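See below for the structure under consideration.
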Amino acid sequence: MSRPRASRPPSTGRASWFGALGFRESSTLDDGSTLDPAWEASSGAADDTNFLSRQARRLVATNDSAPRRIERTYLTARAALGVALLLAQLGVEWVGGRGFSTVLALCAAYALQAVTLRVVAPHRPGPRTLAAARWRWWSTIGVDMASFGAMHWLAPQATLNHAALLVLPVLMAGVLSRRGPALATAAAASLLLLGAAVTRGIETGAFAGPVSQAGLAGIGLFAAVLVAGQMSARLAREERTARGSLELARQQAELNRLVIDEMSDGVLVVDRRGRVRAANPAARALLSDTGACPPAPFALGSQPGWAQLLDAVTTAYGSGQWPAAGLDVTLAYAGESPRSVRVRARFTRGARLGPLQPAGDDAGSGEEVLAVLFMEELRAVLARQREERLAAMGRISAGIAHEIRNPLAAVSQANALLQEDALRPDQQRLVRIVADNVERLRRIVNDVMEAAPGSMTPSRTLDATAEVAAICAEWARTVGLALGSDSRLRVSLPKEPLGAVFDPDHLRRVLVNLLENAQRHSSDRPGAVVVLLEALDGPFVRLVVASDGEPISPEVEAHLFEPFHSTRSRGTGLGLYICRELCGRHGASIDYLRRQGDRHANLFQVVMRRDAVAGEGRLHL
């Protein structure tokens, strides 16, 4: 994802709207280290009290899902539990004065397996395939069930209650496994407890107490599995929803960045401390026309030439208001010429602004108010307003001209009837004056109607060589100029047909207007007016009308193609304006060139699109 824009700074290192969120443009959900350290360090993101933004940054900063994080925590807990269990069993054996036992050997083997698995396990587990899930189950939950069950079975009356350790694998089975395997794990642990209780009852002759305790423990294990499974499933759903929402937010932010970066208006996001959080390329070009403005974030107070803008932002934060029509401020980067900029602003709190909180209260409310500034060069604003006024004036003038036609025709007809009567010489002079002024008014009306927006005349491919030759010959006869070597008019045309895209009547209107202006401001010497038609490199044709009069002054040149601007008292000021409008309708352009020191100092050129000459002409709609 045009019309010409002001020069922009190079794209390297340019400010990014996506970077304003703390994310690099190239980051994705599966990348590691997606937070931009420069933004964290310079923009004060660590002080951001917005809970949602902090959670979003924390979530996007890691690629781990909740089950993977829980699994890593489980591996760490197993290693710590294995070491603690081994040390505790060693203490029990040492206090009791017993030698090396089978339970101690199991504790040592479990601790070795748990520590080894935690050390060799990758930090980011691979894809969760069925084979990988089975291996994880047997290497963690399966080992825990077998180890803790064997310890409880071998020493049911030991000082250490190994039966309580069965809660850990059962709980993790509910979190990390599906419901079927998790319930099977709880059932296996319950059967193991019941089996140990029955064995103990056989040895002691008392079944009621141990069996009832084992049954209640088994019920508790089933309840723990079901609750852990529901909590794990809910956590996974919430995390998937959060990641999906974050991805949509990132996509929307990227779309916003692309749109805002392509805006011709400058956009700045400024906080109450005068720190620019984000700036699109157009804004940076307005702050520095040489591209020296740094990418966001940066402080408005870093440049003395931005003091007016900083003061306006500070005042707006204090009052909670910004003028609806905008403010005109002067900006100047170090060593650059000042430029006037019109600035409009909106606050993130909403379009209807109330008094903003005092400085420092944003953090307490959990909401930080930011100012979004829309900047446009004042010269462009005034030019657009002038164009709008001219367009409105053209529509009004066209309506007035249309209403004048009927009474003007009646005056012309009445004057013609008077000329048919025998009049005195003084009366004949008055009738001629009326006729001349009626004709002048008719030309003005036609010019105004021609300049007014209306139906578009389709373009045609015409033989520019033949058309220009015919128009020049007809105009010379009309004004009484003899064509030849001593004529004031010299026409230079190509020897072969030259196709151009235009309309014959409109081309006649443009060329006649240029010829009349050239004749009016040229000398009487031969070759004072020159007409040149030539093909340019590429698909273009150039028509030139040059004269040897005094060069047009810069003051007049600035208004050459504006409507109703004329240096003659009896001129309408619509001639060149109509020429520009007609050229624009056919994809052509008209320009004035001052050639200082050349005999033909005034040169008007019309550049038309080139096309192959067709027999009857092709329409270009």
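The values are calculated or read from the model by the stated rules, or taken from the named source; none is laboratory data. Only a predicted model underlies this, so the values are computations on that prediction, with no experimental measurement involved. Every residue, glycine among them, receives a Cβ derived from its backbone with ideal geometry; neighbour counts consider all protein chains shown.
Residue by residue, here is whether (1) closer than 25 Å to Val170 by Cα; (2) at pLDDT below 80; (3) in the same structural domain as Gly149 (by TED's automatic domain parsing); (4) among the aromatic types (Phe, Trp, Tyr) holds:
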| residue | (1), (2), (3), (4) |
| --- | --- |
| Ala188 | yes, no, yes, no |
| Leu191 | yes, no, yes, no |
| Gly205 | no, yes, yes, no |
| Ala214 | yes, yes, yes, no |
| Gln230 | yes, no, yes, no |
| Gln251 | no, no, no, no |
Worksheet entry | Index of the failed condition, Leu117 passing every other in (1) at pLDDT 80 or above; (2) within 57 Å of the chain's Cα centre (by Cα); (3) more than 22 Å from Val211 (Cβ to Cβ); (4) surrounded by fewer than 17 Cβ atoms within 10 Å (Cβ to Cβ) | (4)
Item to complete: Would you point out which residue out of Ser485, Ser523 is surrounded by fewer than 21 Cβ atoms within 10 Å (Cβ to Cβ), small (Gly, Ala, Ser), part of a loop (DSSP other than H, G, I, E, B) and out of contact with any strand residue (DSSP E or B) (no Cβ under 9 Å at 6 or more places or on another chain)?
Response: Ser485
Item to complete: State all residues of region 496-508 that are surrounded by 18 or more Cβ atoms within 10 Å (Cβ to Cβ) and in a helix (DSSP H, G or I); if no residue qualifies, say none.
Response: His506, Leu507
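Is at least one residue of region 266-273 part of a helix (DSSP H, G or I) and under 14 Å from Val343 (Cβ atoms)? Lay out the reasoning, then the answer.
Kept after step one, since they are part of a helix (DSSP H, G or I), are these residues of region 266-273: none.
No - not one qualifying residue is present in region 266-273.
In this structure, does Arg542 turn out to be modelled with pLDDT of 80 or more and either small (Gly, Ala, Ser) or within 38 Å of the chain's Cα centre (by Cα) (or both)? First the steps, then the outcome.
On the way: modelled with pLDDT of 80 or more: yes; either small (Gly, Ala, Ser) or within 38 Å of the chain's Cα centre (by Cα) (or both): no.
In short, no.
When you look at Val531, is it within 40 Å of the chain's Cα centre (by Cα), assigned to a strand (DSSP E or B) and at pLDDT 80 or above, yes or no?
Values: within 40 Å of the chain's Cα centre (by Cα): no; assigned to a strand (DSSP E or B): yes; at pLDDT 80 or above: yes.
It is false that Val531 is within 40 Å of the chain's Cα centre (by Cα), assigned to a strand (DSSP E or B) and at pLDDT 80 or above.
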Discussion item. Tell me yes or no: at least one residue of region 312-320 is in a loop (DSSP other than H, G, I, E, B) and modelled with pLDDT under 80.
Written reply: yes
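If you check Ala296, Ala334, Ala345, which single one turns out to be at pLDDT below 85 and either surrounded by 13 or more Cβ atoms within 10 Å (Cβ to Cβ) or part of a strand (DSSP E or B) (or both)?
Details: Ala334 fails: either surrounded by 13 or more Cβ atoms within 10 Å (Cβ to Cβ) or part of a strand (DSSP E or B) (or both); Ala345 fails: at pLDDT below 85.
Just one listed residue meets the conditions, Ala296.
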